[in-house]
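Chemist: Please see the structure below; I have some questions.
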Amino acid sequence: MQNSIIICPIGSVNIEILKYLGECLTNQCGFEYRISSAMGNPDYAYNESRSQYNSKTILKHLIENRSYNTFRLIGVTDVDIYVPILKYVFGLAQLEGQCAIISLYRLRPCFYDQPPNFNILLGRAEKTIIHEIGHTFGLTHCRKRSCVMYSSSRIEDTDFKEPCFCPTCNELFKWHLTAVNKVNTGR
Amino acid sequence: MRTKPHILVVDDEVAIRESLKDWLLEDGYEVGLADSGENAVAMAKEKAWDVVLLDLKMPGMDGLATLKHLIKINPETEILMMTAYATVDTAIKAMKEGAFDYLVKPFDPDEIEILIKKIVAHRELVLENLLLRRQLAKKNEFDEIIGKSAVMQKIFELISLVAPTDSSVLITGESGTGKELIAKAVHANSNRCYGPFIAVNCGALPDSLIESELFGYEKGAFTGADHTRKGRFELADKGSIFLDEIGDISLKTQIDLLRVLQEKEFSRLGGQKLINTDVRVLAATNRDLQRAIVENKFREDLYYRLNVITIHVPPLRERLEDIPLLVDAFINKYCLEMNKKPVKISSIALKTLMNYDWPGNVRELENVIERALVIGRQNKILRADLPFAPNKLEIEDLPKSLKLMEKKHIEIILDANSWNISRAARDLEIDRQTLYNKIEKYKIEKTR
């Protein structure tokens, strides 16, 4: 298993965004990436009463459909996602697992009645995907507002933070990565 | 609180439990899950949870019943109710039963994060407060009242007996015997120990001021009253008020005081509104109040209100055996304050202190020790550091024989120089060998 992250579009997602996210993962975390073929719209996770998609169900679907030697599989979707207890989430990850999902739905400026801005969307998506990748390596939320692992409850939190780990989270990330590599190479 | 707060999620819906668990784990909390009220109660008996997220509507034991059990098992656990819109009324009822707050499902991610952080911060404050109060209560026990004499032991026993009651206490004794310390000990050992202890020296306040001091005043009540001010009775609410020199208050103030003690309410000077107060009164006097009653200077009804229990503090001259202990305590206290290494006291100086009759009592003794430590140049308090002229008893105590007088004098100088032979010989204006010979001759030995 190589350190290659698979980015999987779930439903229709702009390919430019997917490529940009792949480049970000290479630049910020040093991972190779591959964009897989798209999964269909996640109708199986739709909750009619909430008009939203259950992120946990989508995540389960990703886990069930990953190949045996997947290093990390990150789903990217354009639908509005939630977890049952919360009104919405920007993303969801398996803590110390292999899969995560992010949603672009609430990252678009127009969701907040602002004019469309592709660069803002890209910046927010970059921070969200690195955040969820961090969770898959066992990182929990950081108290530093500027760290990418700071919990984003609101879009303002996402806008404030940087698209990189703070020095402490960076050390932890490297430590977890080494541990994962050791397990994968059997050393 | 532990670095990682432990949170128990109680909900019958697996999706809710799991999503909350994921969310909380990402925030670095330790999470436990219970699918029913019964299981939550069992888990609370096994382990103390810092926070419980508790669903209100569950089959079997519902949220309200579970809440009551959890509070009973560990009153320090903070409980956050989770509810649907339809059951908000019940959630409010739960808050009255002791829940910290409630959240309407589904939550805004912001809400839960802020609320949990608030609970964690609140718990840290509560626990810190508890710790400080315990330390304070311990410090205030009987630490400051020193005495091993039988009479002081009886006083300690009496304080332990009367402190937990809410009865008024009259503390009598000469000036300087430590009546305020007794009052503080009564307060510190009472159920009001976490409330304020407010001391008022009635003797130091002129009659024109005492009323406003005790009961406060409204803005404009008199010239210069440019703002409303709370009185000591209001400040002492839920605690104790210590009225020192109660025998010195005027007959008018006695009537006001009697009304507060009887009605448990009063109004501020210049005000109409009646203010309720829950105060325990501790009073002290060095006067003979019974005599003052006969002389019509003190109201008999007030006397009986104040004098439910009397604690009489004996003068120091009646407990001379406590002097060495008191001296040690004051030496330690002032050496610490002056940043000095604790010194000792020479046997002659101590004997002088024991022979004195202490009209100013413990306060006078304290002042004498403080003065001796300030002026003393040796690492021992000497007779010369004490502000008393040799009294008749001390002079009578001196040996008549010249040889014994010489022995005594050498002992004093050796003591003064902490048995440093060279320095003592220099003071005595003899050489070291001669001093050794005299120590040998008179069989002089080191004392304390």
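Chemist: List the residues of segment B:24-46 for which accessible area in the full set of protein chains is at least 40 Å² lower than for the chain on its own; 1.4 Å probe, protein heavy atoms only.
Modeler: B:26
Chemist: Tell me the mean residue ellipticity at 222 nm calculated for the protein assembly as shown from its helices only (DSSP H runs of n ≥ 4, each -39500 (n - 2.57), averaged over every residue, nearest 500).
Modeler: It lands at -14000 deg cm²/dmol.
Chemist: Oh, and also: Could you rank the peptides A:162-170, B:159-167 by their average count of other C-beta atoms within 10 Å per residue, with the highest value first? Could the numbers behind the result be given before it?
Modeler: Values: A:162-170: 17.3, B:159-167: 15.4.
Ranking, from highest mean packing down: A:162-170, B:159-167.
Chemist: For Cα pairs less than 8 Å apart in space and 6+ apart in sequence, what is the mean separation divided by the residue count of segment B:6-136, i.e. the relative contact order in percent? Write out the running numbers ahead of the final one.
Modeler: On the way: 186 pairs, mean separation 24.7, N = 131.
Dividing the mean separation by the residue count of segment B:6-136 yields 19 percent.
Chemist: Could I ask something else about it? Please tell me which of these pairs span more than 29 angstrom C-alpha to C-alpha: A:87/A:161; B:118/B:264; A:87/B:93; B:238/B:340?
Modeler: From A:87/A:161; B:118/B:264; A:87/B:93; B:238/B:340, over 29 Å: B:118/B:264; B:238/B:340.
Chemist: Against the 2.2 N^0.38 Å scaling, with N counting residues, where does segment B:1-104 land? I'd like the Cα-based Rg ratio to two decimal places.
Modeler: Ratio of Cα Rg to 2.2 N^0.38 Å: 0.96.
Chemist: Oh, and also: Cα centroid distance between segment B:35-49 and segment B:193-267, in Å?
Modeler: The two parts, judged by their Cα centres, are 51 Å apart.
Chemist: Distance from the Cα centre of segment B:331-356 to that of segment A:6-44, in angstrom?
Modeler: 82 Å
Chemist: Provide the per-residue ³J(HN,Hα) series for segment B:284-294, in order, calculated from phi with Karplus coefficients 6.51, -1.76, 1.60 and θ = phi - 60°, each as a whole number of Hz, with x at glycine and proline positions.
Modeler: With coefficients 6.51, -1.76 and 1.60, one gets 9, 7, 10, 9, 8, 5, 5, 5, 4, 5, 4 Hz.
Chemist: Can I ask one more? Wrap a convex hull around the Cα atoms of chain A, take a quarter of its surface area, and give that in square nanometres.
Modeler: For the Cα atoms of chain A, the hull's average projected area reads 10.3 nm².
Chemist: While we're here: With an 8 Å cut-off on Cα pairs and a minimum separation of 6 or more residues, tell me the relative contact order of chain A in percent.
Modeler: 17 percent
Chemist: Here's a follow-up. Which value, in Å², gives the accessible area per residue of segment A:122-162 when a 1.4 Å probe is used on the protein heavy atoms?
Modeler: Normalised by residue count, the accessible surface of segment A:122-162 is 32 Å².
Chemist: Okay, moving on. Can you tell me what the convex hull of the Cα atoms of the protein assembly as shown projects to on average, as an area in nm²?
Modeler: With the hull built on Cα positions only, its mean projection is 48.3 nm².
Chemist: Given the options A:109, B:267, B:19, identify the residue whose Cα lies farthest towards the positive end of the charge dipole of the protein assembly as shown (+1 on Cβ of Lys, Arg; -1 on Cβ of Asp, Glu).
Modeler: Farthest towards the positive end: B:267.
Chemist: Accessible area of segment B:399-448 with a 1.4 Å probe: how many percent of it is carbon plus sulfur?
Modeler: For segment B:399-448, the apolar C and S fraction of the accessible surface comes to 52 percent.
Chemist: Of the candidates A:101, A:120, A:130, which one comes out as most mobile in a Gaussian network treatment of chain A with C-alpha springs shorter than 10 Å?
Modeler: A:120
Chemist: Here's a follow-up. Output the Cα-based Rg and Dmax of segment B:142-314 in Å, rounding Rg to one decimal and Dmax to a whole number.
Modeler: Expressed in Å, the Cα Rg and Dmax of segment B:142-314 come to 16.2, 54.
Chemist: Same structure again: Please tell me the relative contact order of chain B in percent, rounded to the nearest whole number, where contacts are Cα pairs under 8 Å and at least six residues apart.
Modeler: After rounding, I find 11 percent.
Chemist: If you roll a 1.4 angstrom probe over the protein chains with everything in place, what fraction of the accessible area of segment B:294-359 belongs to carbon and sulfur, to the nearest %?
Modeler: So the carbon and sulfur contribution to the accessible surface is 52 percent.
Chemist: With a 1.4 Å probe on protein heavy atoms only, work out how much accessible surface B and A bury together, total over both chains, in Å² to the nearest 100. The partial results should precede the final answer.
Modeler: Details: alone 24440 and 9680 Å², together 32340 Å².
Using a 1.4 Å probe on protein heavy atoms, the buried area is about 1800 Å².
Chemist: Please state the charge dipole magnitude for the protein assembly as shown, taken about the Cα centre, from unit charges on C-beta atoms (+1 on K and R, -1 on D and E), reported in debye and rounded to the nearest 20.
Modeler: For this selection, approximately 2220 debye.
Chemist: On to the next question. Once you have all Cα-Cα distances for segment B:184-272, histogram them in 5 Å bins from zero and send the whole-percent values.
Modeler: 3, 14, 22, 24, 20, 12, 4, 1, 0
Chemist: In addition: Rounded to a whole number, what % of the accessible area of segment A:66-187 do carbon and sulfur atoms account for, probe 1.4 Å?
Modeler: Ligands and nucleic acids excluded, carbon and sulfur reach 53 percent.
Chemist: Taking a 24 Å limit on the Cα-Cα distance, which of the listed pairs B:380/B:441; A:174/B:117; A:144/B:21; B:154/B:297 fall beyond it?
Modeler: Values: B:380/B:441 26 Å; A:174/B:117 28 Å; A:144/B:21 22 Å; B:154/B:297 31 Å.
Flagged as over cut-off: B:380/B:441; A:174/B:117; B:154/B:297.
Chemist: Another one. Report, please, the projected area of segment A:118-187 averaged over directions, based on the convex hull of its C-alpha atoms, in nm².
Modeler: 4.9 nm²
Chemist: Sequence-distant or interchain residues sharing an amide H contact under 5 Å with residue B:312, placed H: which?
Modeler: Counting only residues 5 or more places away or on other chains, the set is B:172.
Chemist: Can you pull a Stokes-Einstein diffusion coefficient for chain B at 4 °C (1.567 mPa s), Rh from Kirkwood over Cα pairs, as a whole number of µm²/s?
Modeler: 46 µm²/s
Chemist: When the Kirkwood hydrodynamic radius is evaluated over all pairs of different C-alpha atoms of segment B:316-397, what value in angstrom, to one decimal, is obtained? Kindly include the intermediate steps, with their values, before the conclusion.
Modeler: Working: mean 1/r = 0.0780 Å⁻¹.
Kirkwood hydrodynamic radius for segment B:316-397: 12.8 Å.
Chemist: Say we join alpha carbon atoms closer than 10 Å with springs in a Gaussian network model of chain B; which of B:53, B:130, B:25 then has the biggest fluctuation?
Modeler: B:25
Chemist: With no other cysteine's Cβ closer than 4.7 Å, which Cys residues of the protein assembly as shown count as lacking a disulfide-compatible partner?
Modeler: Unpaired cysteines in the protein assembly as shown: A:8, A:24, A:29, A:99, A:110, A:164, A:169, B:193, B:202, B:335.
Chemist: Measure up A:56/A:127; B:148/B:400; B:47/B:96; A:60/B:45 against 32 Å on the Cα-Cα distance and list the ones that go over.
Modeler: Pairs exceeding 32 Å: B:148/B:400; A:60/B:45.
The values are calculated or read from the model by the stated rules, or taken from the named source; none is laboratory data. In this text, all values refer to a predicted model and were calculated from it rather than measured experimentally. Reconstructed Cβ throughout: ideal geometry from the backbone, glycine too, with neighbour counts over all protein chains shown. The protein model used for the area step is the full one, side chains on, heavy atoms only, and it has no ligands, DNA or RNA in it. Shrake-Rupley method; radii C 1.70, N 1.55, O 1.52, S 1.80 Å.
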